[in-house]
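What follows is one structure encoded as structure tokens, with my remarks underneath.
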Amino acid sequence: MGSPTPPPRILQVDADAFYVQVARLVDPQGAGQAELLLVGGSPEGRGVVTSAAYAARKFGVRSGMPTARALRLCPQATVVGVSRRACSEKSRAIVGVLEQFTPVVEPASIDEMYLDLSGTEGLYGHEALETTARRIRRTVLAETEIQVSIGAGTNRLVAKLAAGRAKPHRTPEADGVVAVPPGQEAAFLATFDLGDIPGVGPRFQERLERYGLKTVRDTLPHERPELEEWFGWRAGSWLYHRIRGMDSTPILPRSQAKSLSRDETFAEDLDDDDALRRELLRLSDRAAHDLRRHGYVARTITVRIRDRDFRDRRASRTLPRGVSTERVIFDEAARLMARLRSARPIPARLLSVSLSQITGADTEEQLGLFDEASDALETERDRRLAEAVDAVRRKFGSNAVERGG
Amino acid sequence: MKFTITRERLHEALVAVAASVPTKTTLPVLANILIEAKADGVRISGTDLDIAVSTVVPAEVDGEGAVTVPAKKLLEIVRELPSAAIRLAASGEQRVDLECGRSRFRLLGIPREEFPNFPPVSFKESWSVSSGDLQKLIKHVSFASSTEESRPILNGVLWELRKDVMRMVATNGHRLARMDVPVAGSAQAADLIVPPKALDQVGRLFGPADEVEIAKSDNHLGFRTGSTVVFTRLIEGPYPNYDQVIPKENDRACTVEKDALASALRRVGVVASDQTHRVRLQFSGGTLKLSVSTPDLGEAQDEIAVTFDGDPLEIGFNANYLLEVLKYMPTGEVRLTFKAPERAATVEPVGWDDPAAYLCLVMPLRLVD
């Protein structure tokens with residue numbers, strides 16, 4: 001064989017304050033002029049900040065914070081909304097530009113994409129990955145008017161952390177691209193706190209701190225068996241690899257969606273079960289419709305409620321086979337919501353329905369031993385109805401037909 | 001309550017009971033174990049409300065009484081103690097003092113009144129089975145039960161007791177395991193649907209030479225040997241008619257080395273879809289061709305020698321289901337039978353030197369191309 005396989009070339013592209021940038025492009029005279037711009041929620045209402053301009057972040061404003069509170073921290077800020085559609089269009093435009101560089105582009109969220117450039121060394125004249133990253137950054141800006149930061153490395157984890165470091169507002173000397181050369185992953189990771197590692201949430205941090213572990217450096221001296229004993233086999237081994245900069249999660253192109261969710265933050269907390277049920281119906285309908293539009297079916301249905309006190313609770317159920325029609329998805333979601341509501345019946349701020357374990361509707365089907373006997377989840381009637389609804393929406397728009405609550 | 005016990009005995013009892021203590025619970029007392037000291041020894045019990053395990057250990061009891069203490073903490077402490085006598089004493093309802101050599105601990109408990117009562121299962125009308133037979137059934141069948149909540153009845157293992165045979169059946173609706181063990185004239189006839197978690201405890205706690213006493217109440221079952229008892233809730237409802245789905249007309253049969261088939265499945269399975277684990281099997285003459293093709297990932301082919309009787313056949317399976325079934329096959333050679341690409345396949349041991357009869361079913365994946 002020839003020379004050894006070259007190391008993987010992974011990039012993470014992260015749009016800087018994405019919603020703020022889109023809001024400014026949509027409304028150059030209004031939002032475009034406001035330096036202290038907050039996107040999301042309203043001063044009177046009780047939504048949350050989706051994104052804050054870097055200038056406003058200096059006042060302590062963060063995304064996810066209730067807008068009213070953000071305005072107490074930064075009273076001069078201008079609050080605007082931005083349409084979901086404008087953001088999705090911009091996001092798709094960025095993915096389109098990125099796909100000119102490699103077919104393997106995974107949109108991780110609306111403003112974060114992973115690229116796998118492995119095997120493209122020859123295509124780019126064996127230039128350094130950092131040079132390619134800079135060219136991608138310039139091209140995205142030129143073609144979409146969106147400023148992005150790019151992290152480069154040999155895997156997802158390193159690329160993501162590098163992209164964070166590349167953001168100009170975080171590190172004064174940063175210029176939008178940080179590349180971690182192969183072999184330097186562990187040294188790079190050693191400069192982070194454990195809480196910076198994606199997947200280490202507040203609860204896990206608490207457990208880590210009980211063992212005196214706060215930074216990656218604190219944790220490195222502990223061998224794998226020790227970490228596995230403390231945190232369990234899965235989490236211990238996971239942590240052992242992450243703090244050494246190891247991550248073998250592949251970059252999946254966008255055709256392989258993992259989950260699809262629809263949520264709603266209410267203008268006012270909802271405590272009425274019927275009102276929540278109507279919201280759930282709307283969300284289930286939208287999720288089911290989007291699922292079918294992509295030709296998918298989903299096996300797992302999850303309902304999440306954010307209570308008045310910001311506590312998130314979720315319940316989910318995995319069905320024996322994939323489904324895609326409103327009736328089945330709503331019926332399941334309603335049962336899950338009822339369970340959550342009876343466990344803690346306090347007013348809700350947010351409701352979400354998400355569908356996961358997604359596969360193509362036409363993929364191979366596992367046959368069941370008791371298929372005839374079991375109550376089929378979706379009837380032929382459900383499917384025909386869904387097709388008819390889809391046809392009406394294609395012709396007259398997505399609001400043309402809705403179910404009554 | 002006051003008693004002295006050896007570190008080894010206490011540790012053994014705690015390990016036996018700890019598996020029934022839930023790791024997460026909304027009822028705090030369930031994270032505790034109940035310790036009851038009586039003149040004849042100390043009884044230690046734990047429960048997650050679905051199953052309960054209780055065991056009696058010899059100890060020198062100076063004062064009778066009962067208290068509950070955090071199971072995990074007590075087990076961790078005892079694990080770290082040297083091999084010596086442990087003295088345990090309750091001071092009041094809520095505190096337990098433990099001493100061993102120069103180590104001293106005080107644990108905060110919860111009054112025993114809060115600990116749930118055990119299910120009312122009376123062993124007065126019990127019957128007994130050989131633990132060896134029971135373990136054989138559990139080991140070969142329990143794995144096939146469902147872990148999904150979509151059909152709760154399939155989360156259990158069906159245990160059929162008849163005059164001269166005990167049978168267990170488990171299925172998740174996609175694959176099924178069934179085993180019969182002949183027994184000498186049992187008086188009891190019953191159909192019980194038992195959670196596999198309880199069977200795991202039975203398999204773990206009882207030695208193969210024991211006779212296990214079994215007793216049943218309306219919706220609970222108890223298993224008992226000399227000092228240890230396991231209670232479990234029974235799953236209610238009719239178990240699906242499994243007999244109806246066991247194929248009787250499969251006319252194509254393949255005999256193959258179990259390990260050769262399993263390694264080939266694992267090899268090509270590497271590039272199978274993470275969701276369906278689909279492999280395609282093509283039987284023809286003396287050859288089995290295995291192939292996998294996963295969009296966006298890649299392809300694999302392999303070939304092994306088999307003995308195959310019948311018309312050539314192409315059939316798809318979830319590789320994991322086949323591998324799981326093969327793992328529990330007790331012989332080096334196995335026999336697979338088929339009828340058609342969308343009908344159930346059977347897997348059986350070949351030349352098993354055992355009075356038991358074992359059969360597994362696997363439903364195929366429908367191939368779309």
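The values are calculated or read from the model by the stated rules, or taken from the named source; none is laboratory data. Note that this is a predicted model, so its numbers are computed, not measured. Cβ coordinates were reconstructed from backbone atoms using ideal geometry, including for glycine residues, and neighbour counts include every protein chain displayed. What goes into the accessible areas is simple: the full protein's heavy atoms, side chains included, and nothing from ligands, DNA or RNA. Shrake-Rupley method; radii C 1.70, N 1.55, O 1.52, S 1.80 Å.
For the stretch B:270-287, a residue qualifies if it is surrounded by 14 or more Cβ atoms within 10 Å (Cβ to Cβ) and more than 13 Å from B:Asp311 (Cα to Cα), and the qualifying residues are B:Val271, B:Ala272, B:Ser273, B:Gln275, B:Thr276, B:His277, B:Arg278, B:Val279, B:Arg280, B:Leu281. Being open to solvent by 30 Å² or more (accessible area, probe 1.4 Å), modelled with pLDDT under 90 and under 18 Å from A:Asp111 (Cβ atoms) holds for only one residue in A:Arg57, A:Arg46, and it is A:Arg57. Residues in the stretch B:349-368 that are away from chain A (no Cβ under 14 Å) and over 22 Å from the mean Cα position of the chain (by Cα) were compared, and the one that is most open to solvent (accessible area, probe 1.4 Å) is B:Asp353. A single member of B:Lys339, B:Lys289 is more than 13 Å from chain A (Cβ to nearest Cβ) and of a type in the set (Lys, Arg), and it is B:Lys289. Taken together, the criteria exclude A:Asp175 from residues that are open to solvent by 50 Å² or more (accessible area, probe 1.4 Å) and in the same structural domain as A:Ser237 (by TED's automatic domain parsing).
Name the residue, out of B:Val129, B:Val169, that is part of a strand (DSSP E or B), over 18 Å from B:Arg233 (Cβ atoms), among the β-branched types (Val, Ile, Thr) and within 14 Å of chain A (Cβ to nearest Cβ).
Values: B:Val129 fails: within 14 Å of chain A (Cβ to nearest Cβ).
Only one candidate qualifies: B:Val169.
Screening the candidates A:Leu123, A:Leu98 for the property of being among the aliphatic types (A, V, I, L, M) and open to solvent by 60 Å² or more (accessible area, probe 1.4 Å) yields one hit, A:Leu123. Taken over the stretch A:338-352, the criterion of being part of a helix (DSSP H, G or I) and among the polar types (S, T, N, Q) is satisfied by A:Ser342 alone. Scanning the stretch A:297-350 for residues that are in contact with a helix residue (DSSP H, G or I) (Cβ under 7 Å, 6 or more places away or on another chain) and either of a type in the set (D, E, K, R) or open to solvent by 60 Å² or more (accessible area, probe 1.4 Å) (or both), which turns out nearest to the other protein chains (Cβ to nearest Cβ)? Going through the qualifying residues, I end up with A:Arg317.
Look at A:Phe18 and say whether it is modelled with pLDDT of 85 or more, farther than 20 Å from A:Thr139 by Cα and touching a Cys at 6+ places or on another chain (Cβ under 8 Å).
Values: modelled with pLDDT of 85 or more: yes; farther than 20 Å from A:Thr139 by Cα: no; touching a Cys at 6+ places or on another chain (Cβ under 8 Å): yes.
For A:Phe18, the condition - modelled with pLDDT of 85 or more, farther than 20 Å from A:Thr139 by Cα and touching a Cys at 6+ places or on another chain (Cβ under 8 Å) - is not met.
Only one of the listed residues (B:Gly298, B:Gly316) is within 13 Å of chain A (Cβ to nearest Cβ) and on the phi > 0 side of the Ramachandran plot. That residue is B:Gly298. None of B:Leu75, B:Leu81 is farther than 17 Å from B:Leu108 by Cα and not acidic (Asp, Glu) except B:Leu81. Would you check if B:Arg266 is closer than 29 Å to A:Pro320 by Cβ and either within 12 Å of chain A (Cβ to nearest Cβ) or touching a Lys or Arg at 6+ places or on another chain (Cβ under 7 Å) (or both)? It is false that B:Arg266 is closer than 29 Å to A:Pro320 by Cβ and either within 12 Å of chain A (Cβ to nearest Cβ) or touching a Lys or Arg at 6+ places or on another chain (Cβ under 7 Å) (or both).
Of all residues in the stretch B:1-59, those being open to solvent by 60 Å² or more (accessible area, probe 1.4 Å), in a strand (DSSP E or B) and free of Cβ contacts under 8 Å to residues at least 40 places away in the same chain number 2.
Among the residues of the stretch A:135-142, is there at least one that is open to solvent by 70 Å² or more (accessible area, probe 1.4 Å), of a type in the set (A, V, I, L, M) and over 16 Å from A:Trp238 (Cα atoms)? Full working, then the answer.
Of the stretch A:135-142, the ones open to solvent by 70 Å² or more (accessible area, probe 1.4 Å) are A:135, A:138, A:141-142.
After this cut, where a residue has to be of a type in the set (A, V, I, L, M) as well, the list is A:141-142.
If we keep only those that are over 16 Å from A:Trp238 (Cα atoms) as well, we get A:141-142.
Among the residues of the stretch A:135-142, at least one is open to solvent by 70 Å² or more (accessible area, probe 1.4 Å), of a type in the set (A, V, I, L, M) and over 16 Å from A:Trp238 (Cα atoms), which makes the answer yes.
Do we have A:Gly201 as of a type outside the set (D, E, K, R) and surrounded by fewer than 14 Cβ atoms within 10 Å (Cβ to Cβ) here? Write out each step before concluding.
Working: of a type outside the set (D, E, K, R): yes; surrounded by fewer than 14 Cβ atoms within 10 Å (Cβ to Cβ): yes.
Considered against the rule, which asks whether it is of a type outside the set (D, E, K, R) and surrounded by fewer than 14 Cβ atoms within 10 Å (Cβ to Cβ), A:Gly201 comes out as yes.
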